[in-house]
Amino acid sequence: MKKEFDKVWEECLEIIKDNVNAQSFKTWFEPIKPIRLQTNVLTIQVPSQFFYEWLEEHYVALLKKVIRKELGPDGRLEYSIVMENIYGVKPYTVRVPASNKKDTRNPSVNMPLDMSSTGTIRNPFIIPGLKRVTVESNLNPDYSFEHFVEGDCNRLARSAAYAVANKPGETSFNPLLIYGIVGLGKTHLAHAIGIEIKKKFPAKTVLYVPSERFTNQFIDAIQNNNTNDFVNFYQMIDVLIIDDVHFFSGKEKTQDVFFHVFNHLQQNKKQIVMTSDRAPVDLQGIEQRLLSRFKWGLAADLQPPDLETRIAILEKKAYADGIDMPRDVIEYIAYSITSNVRELEGALISLLAQASLNKKTLNIDLARQMIDKFVRNTAKEVSIDYIQKVVCDYFNMGIDLLKSKTRKREVVQARQIAMYFAKQLTKSSLATIGMHCGGKDHATVLHACRTVNNLMDTDKKFRHYIQELDKKINLS
Ligand code: ADP
Ligand code: MG
């Protein structure tokens, strides 16, 4: 025979079923377990605090109605919240009476739990003891989409980021993982998502946190015996942006707790954004179960900025600083600094400092002096772009022409020479070189290198070109 509370709850469910859609019923009511009925108080067990908050926000009126219907006007509901036992902490339940207020707005920000037996839930970002938990998003307003220059090198990541910002939790990009080497704009894009969401959905709780800080907070939580508070805090975030997750590598306990938070947020359609310095497949020291979840969404990479993007970034930064930069100076920097955006910015800033501190005119000569010093310090590798520029300048030809499909003799020759130098002076593959030189395949590049070698042996004038060009490229 069924226990009485089972029966009461079953009847409640019957009514609820008629009043909510099938999906919500499955998500929010099926997991509930009735556990006791004592003098008109029905206690139901819910899987987490978040779950409880959700019920209170969305279904409290309905729940109250059905309880009164089943148990009479004095009927009341009480929740028992299971605090997940994941750190060997003894599981415990918190008993909370159902809200008596008509409407509890924003329960994910208001922390209505009175957990006097365990202290109040501690937000690791603020001084404990405050009743109302406001989450400081930690977003840097400079890192907005408006300040992010789009280019071929970042198009996928930027579009995905933008899509996520417009529909947090509702795209298939959940989680969104942005990866790439240092200085390419991962942190910038991550902030941009948060800023945009805050703008469009001010009620959403957005949190940006570097993985290192997450780890340190977790360690503190263990020491202070409040890992449950830590987990609860992270589980109520609507948009969790977690920077540099490669930092979790080898930190098993942190990965455990992150896994837990991750699952909770995912299941509740909360948006997760992560960045990492490498692709998921290359993330060593990260547990498989976590890695496989990273792959549920989208992993989008950032590539080193191409020439056009570098120029656009420099122009934008100069413009934002109100500086009128001569075009040849911008180009000089863009051609010389190719590895990443941070160095590009660094070069620009040093140049500006140099010009203003020493009261020098900002011109190409100053740029040369400065950048050469700067570049030598950062072990410069000549870029294909730069080689092309020197070759084109030498033959007095536009770069566009060199990159075109034209088969005019002079152009073909210049193109072959550029390919030859690219092979000699860069680590790029034949295929990459071909791609940069008018979309040719690797065989064409190989052929070009042979032709140049042959001509150097047989054609004195041609040899002279090559020697001169060699000096120009290596002098830079
Ligand atoms: P990462 O996190 O990948 O190491 P950051 O996001 O810190 O790189 O970027 C380094 C610097 O370069 C920041 O100042 C950022 O604003 C700038 N930056 C990177 N990419 C772009 C871009 N596409 N447009 C404008 N600025 C950029
Ligand atoms: Mg970063």
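Quick notes on this structure:
- Subset of the range 304-348 (residues that are more than 23 Å from CYS153 (Cα to Cα) and β-branched (Val, Ile, Thr)): ILE323
- Evaluation of MET435 against (1) out of contact with any helix residue (DSSP H, G or I) (no Cβ under 7 Å at 6 or more places or on another chain); (2) over 18 Å from THR338 (Cβ atoms) (one fails), failing number: (2)
- Set ASP238, ASP282, ASP243: member being at pLDDT below 95 and under 25 Å from LEU156 (Cα atoms): ASP282
- Matching residues in the range 141-155 - criterion: being surrounded by 16 or more Cβ atoms within 10 Å (Cβ to Cβ) and either modelled with pLDDT under 95 or over 25 Å from MET236 (Cβ atoms) (or both): SER144, PHE145, HIS147, PHE148, VAL149, GLY151, CYS153, ASN154
- Here GLU343 passes the criteria (1) surrounded by fewer than 20 Cβ atoms within 10 Å (Cβ to Cβ); (2) away from ligand 2 (no atom under 16 Å from the Cβ); (3) part of a helix (DSSP H, G or I); (4) within 27 Å of the chain's Cα centre (by Cα) except the one numbered (2).
- Test: residue in the range 450-466 that is assigned to a loop (DSSP other than H, G, I, E, B) and closer than 18 Å to ASP306 by Cα: no
- Answer residue from the range 383-413, given it is hydrophobic (A, V, I, L, M, F, W, C) and farther than 16 Å from GLN467 by Cβ and is nearest to the chain's Cα centre (by Cα) among those: ILE384
- Selection of the range 198-215 for residues being without any contact (Cβ under 8 Å) to a residue 60 or more places away in the chain and over 13 Å from ASP244 (Cβ atoms) yields LYS199, LYS200, PHE201, PRO202, LYS204.
- Meets criteria (surrounded by fewer than 23 Cβ atoms within 10 Å (Cβ to Cβ), at positive phi, more than 12 Å from ligand 1 (Cβ to nearest atom) and modelled with pLDDT under 95) for ASN224: no
- Boolean, VAL261 is more than 16 Å from ligand 1 (Cβ to nearest atom) and either at pLDDT below 95 or not basic (Lys, Arg) (or both): yes
- A single entry from VAL452, VAL412 fulfils the requirement of being surrounded by 14 or more Cβ atoms within 10 Å (Cβ to Cβ) and touching a helix residue (DSSP H, G or I) at 6+ places or on another chain (Cβ under 6 Å): VAL452.
- Residue check for ILE272: away from ligand 2 (no atom under 16 Å from the Cβ) and in a strand (DSSP E or B): yes
- Scan of the range 240-259 for residues that are more than 16 Å from ligand 2 (Cβ to nearest atom) and of a type in the set (Phe, Trp, Tyr), ordered by number: PHE258, PHE259
- Options ALA353, ALA334; residue that is of a type in the set (Gly, Ala, Ser), surrounded by 21 or more Cβ atoms within 10 Å (Cβ to Cβ) and assigned by TED's automatic domain parsing to the domain that holds ILE371: ALA334
- Residue list for the range 255-276, filter: within 17 Å of ILE222 (Cβ to Cβ) and surrounded by fewer than 20 Cβ atoms within 10 Å (Cβ to Cβ): ASP256, PHE259, HIS260
- One residue from ALA320, ALA279 being touching a His at 6+ places or on another chain (Cβ under 9 Å), touching a residue at least 60 places away in the same chain (Cβ under 8 Å) and surrounded by fewer than 17 Cβ atoms within 10 Å (Cβ to Cβ): ALA320
- Inter-residue pairs, beta-carbon under 7 Å, first farther than 19 Å from ASP243 by Cα and in the range 290-313, second of a type in the set (D, E, K, R) and buried (at least 17 other Cβ atoms within 10 Å of the Cβ), 6+ apart: LEU307/ASP385; ILE311/GLU331
The values are calculated or read from the model by the stated rules, or taken from the named source; none is laboratory data. Everything numeric in this text was worked out from a predicted model, so none of it was measured. Don't worry about glycine lacking a Cβ; one is built from the backbone with ideal geometry, like all the others, and counts go over all protein chains shown.
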